[in-house]
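Some notes on the structure that comes next.
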Amino acid sequence: MPGAKKAAAKTLILTGASRGIGHATVKRFSSAGWRVITCSRNAFPEDCPWDAGPEDHIQVDLSDPDDVDRAIGEMHKRLKGCTLSALVNNAGISPKGPEGERLGTLNMDIKSWLHVFHVNLFSTIQLASGLREELVAGEAKIVNVTSIAGSRVHPFAGAAYATSKAALAAMTREMAADFGPLGVRVNAIAPGEIDTSILSPGTDKLVDEIPLRRLGMPEEVAKAIYYLCTDQSSYVTGTELHVNGGQHV
């Protein structure tokens, strides 16, 4: 029976699933037999590459705490009879100026800062807190996707994005300390320059500064996320794993 199959499968809840690293993560977990509940601000597109997409997709505006609460209620319903094995907070936004320019600390209004922080930071703890019962019951793993921009001034990532990702790294440590005694591991992945459709023009020029002399692939980040969600990393928590070809050294 389909219901019995769902109950037996491990379940992942993934935000920011509509492109790039999110797409690759869906494919990686699906290929291992996981059920993936995807979340994004967009409705499920018909051309997405995974089965059961429409029935396991939740449209949610992560910048709106009320809508996040609504989505959490929907997640509770979808998880009935299932085991939640992982929550991956992959969603992130970095607004640009009118001409596509980077927004720094001097040219971004406070409402835009709050918008970025709601999506990139506050929604992650809101989801983890709202799903606490299911996370503990499943001895689940939480992975927060941070960024290399959280530890240095980046030529393309905006100030609000970078600051929110630095805060998310700190929140990961706090969550690991709080969730650890409950049997839930919490880690972070910090990607560098990853070859996706949303790369800023000029990113290719950064390749000469990367020890491996190439951009990363979304699949390589997805593999690292998968590692942190399996027993292969059973004694790893509170860690931020750099996936950047050595760019951080």
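Where a number appears in this text, it was derived from the coordinates with a stated rule and is not lab data. Predicted model, so just to flag it, every value in this text is computed and none were measured. Quick reminder, even Gly has a Cβ in these numbers, built from the backbone with ideal geometry, and neighbours come from all protein chains shown.
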Completion exercise
Given 4 °C, 1.567 mPa s and a Kirkwood radius over Cα pairs, the Stokes-Einstein diffusion coefficient of the range 50-118 in µm²/s is 87 µm²/s
Fill in the blank from the handout: Within the chain, excluding any GluC sites (Glu not before Pro) found in a DSSP loop (not H, G, I, E or B) and having at most 16 other Cβ atoms within 10 Å, the longest uninterrupted segment runs 140-249
Fill in the blank from the handout: Pseudo-spin-label distance residue 214 to residue 74, built 7 Å along Cα→Cβ, given in nm, is 3.8 nm
Exercise for the section: Give the long-range amide H neighbours of residue 242: residues separated by 5 or more places, or on another chain, with amide H under 5 Å away, using H modelled in the peptide plane at 1.01 Å from N. Expected result: 190
Problem - Hits among aspartates and glutamates - C-alpha to C-alpha of residue 165 under 16 Å, sequence gap 8 or more where chains match - result: 174, 193, 240
Practice task
Under 12 Å from the Cβ of residue 71, count the other residues' Cβ atoms, weight Lys and Arg +1, Asp and Glu -1, and hand me the total.
Solution key: -2
Problem - Tail beyond 22 Å, pair distance distribution of the chain (Cα, percent) - result: 53 percent
Exercise for the section: Would you order 108, 171, 217 from fewest to most other beta-carbon atoms within 10 Å of each residue's own beta-carbon? Expected result: 217, 108, 171
